[in-house]
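Structure record follows, encoded as structure tokens.
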Amino acid sequence: MNDIIKLDTVDAYNQLFGLETLHPLVSVVDLTDATRFPKHFIVNYGIYALFLKDTKCGDIRYGKQVYDYQDGTITSFAPGQVVETEIFDDVRPKAKGLLFHPDIIKGTSLGQEIKSYSFFSYSSSEALHLSEDERGMFLDCLRNIRTELTHPVDKLSKRLIARNIQLLLDYCMRFYERQFVTRSVANKDVLSRFENLLDDYFFNGSQISEGLPTVKYFAEKVCLSPNYFGDLIKKETGKTAQEYIQNKIIDLAKELILGTNKNVSQIAYELGFQYPQHFNRIFKKTVGYTPNEYRKLRV
């Protein structure tokens, strides 16, 4: 088993492939310039990274899934993610990308918004597939960032670097939006499976033994990362996956309140709530009445 390489700095990645480091916190990488070519390695990222693959050269394993990394795709990683990569024999990797340390965006608008770029937590099997025009825009952004890295450092350097990185991330968000649209048929299949799994969860009484259902539970059932699954559901329904689950719970609660003589505590436990007070809060926040008030209104 290969040792896990801790990549806490941009320079650590550049050393892995024998690349030059122009800035301690940011690097635009081109693996055609690499002087070292590790074949199999596992890294624990402490930095952000986005890569555009120009040719098929190997496999990436993220979590339990292997992704066949094809031409013209972008995959991204965030601090804390562990990724296993295997490069095929007799193949030189051709990829361009961006590495940046969290410190470069601290105190900037990007630092405040970085968590909104949910694609950093997508798995590699949910990579972004670019059109030729989109690929050109991605590469233009990389060139602009590299130009700023070679410019003499001044008081605007950090701000301009961060803004150019944010521009690149915004384009990636737009490209993902397009990809969700072009995959609408597949997405609707995921939504249908989600609805059936949600129905089955309560029909089979899983909430009694497992508690309230979570987004993570359903994401794993449809073989997607929680972030990608959540973004897909939001795109298809206009609601977050958590809101979708909560609406299902409220609908079931209304049926039990109006269709049975069970008290609120019994209903809460039957729905998977550990504490009736939690059920009361959720119900009132959603419906506008407590469960008992709702029952009296409908009598």
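Throughout, read-outs are computed from the coordinates displayed, never taken from laboratory work. Please read all numbers here as calculations on a predicted model, not as lab measurements. Note: ideal-geometry Cβ built from the backbone for every residue, glycine included; neighbour counts use all protein chains shown.
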Tell me which of T85, Q207, P152 sits at the most positive position along the dipole axis of the chain, charges placed on C-beta atoms (Lys, Arg +1; Asp, Glu -1). Q207
Between the Cα axis of helix 241-259 and the main Cα principal axis of the chain, the angle (0 to 90°, nearest 10) is 0 degrees
Only one of the values (i) 57, 40, 36; (ii) 75, 46, 37; (iii) 67, 54, 39 was calculated from this structure for Cα extents along the principal axes in Å; name its label. (ii)
So what are the ³J(HN,Hα) numbers for the range 189-194, from phi and the Karplus equation (6.51, -1.76, 1.60; θ = phi - 60°), rounded to whole Hz, Gly and Pro as x? 5, 5, 4, 4, 5, 4
Quick check on the chain: of the DSSP beta bridges with both residues there, what percent are antiparallel, nearest 5%? 90 percent
Förster radius 30 Å - calculated FRET efficiency between R174 and L197, Cβ distance, rounded to 0.05: 0.50
Using only Cα atoms, locate the centre of the range 181-201 and the centre of the range 1-44, then give the distance between them in Å, rounded to an integer. 38 Å
For helix 132-150, report the angle its Cα long axis makes with the longest principal axis of the Cα atoms of the chain; keep it between 0 and 90° and round to the nearest 10°. 60 degrees
Once you charge only the Cβ atoms, +1 for Lys and Arg and -1 for Asp and Glu, what is the size of the charge dipole of the range 146-196 about its Cα centre, to the nearest 20 debye? 140 debye
Name the most mobile residue of S121, S209, S27, meaning the one with the largest mean-square fluctuation, in a Gaussian network model of the chain with Cα contacts below 10 Å. S209
Relative contact order of the chain (C-alpha contacts under 8 Å, at least 6 apart) in percent is 13 percent
Which whole-number percent is the relative contact order of the range 81-183 (Cα, under 8 Å, 6+ apart)? 33 percent
Between the range 241-292 and the range 127-152, how far is it from one alpha carbon centroid to the other, in angstrom? 50 Å
Across K221/K296; K262/K284; K6/K234, pairs whose alpha-carbon gap is larger than 28 Å: K221/K296; K6/K234
Cα-based Rg of the range 163-224 per 2.2 N^0.38 Å, rounded to two decimals? 1.57
Computed about the Cα centre, the charge dipole of the range 69-209 from +1 Lys/Arg and -1 Asp/Glu charges at the Cβ has a magnitude in debye, to the nearest 20, of 720 debye
Work through the residues other than R295 whose Cβ is under 14 Å from its Cβ and net out their charges, Lys, Arg +1 and Asp, Glu -1. +3
Dipole magnitude of the chain, debye to nearest 20 (Cβ charges: Lys/Arg +1, Asp/Glu -1, about Cα centre): 1180 debye
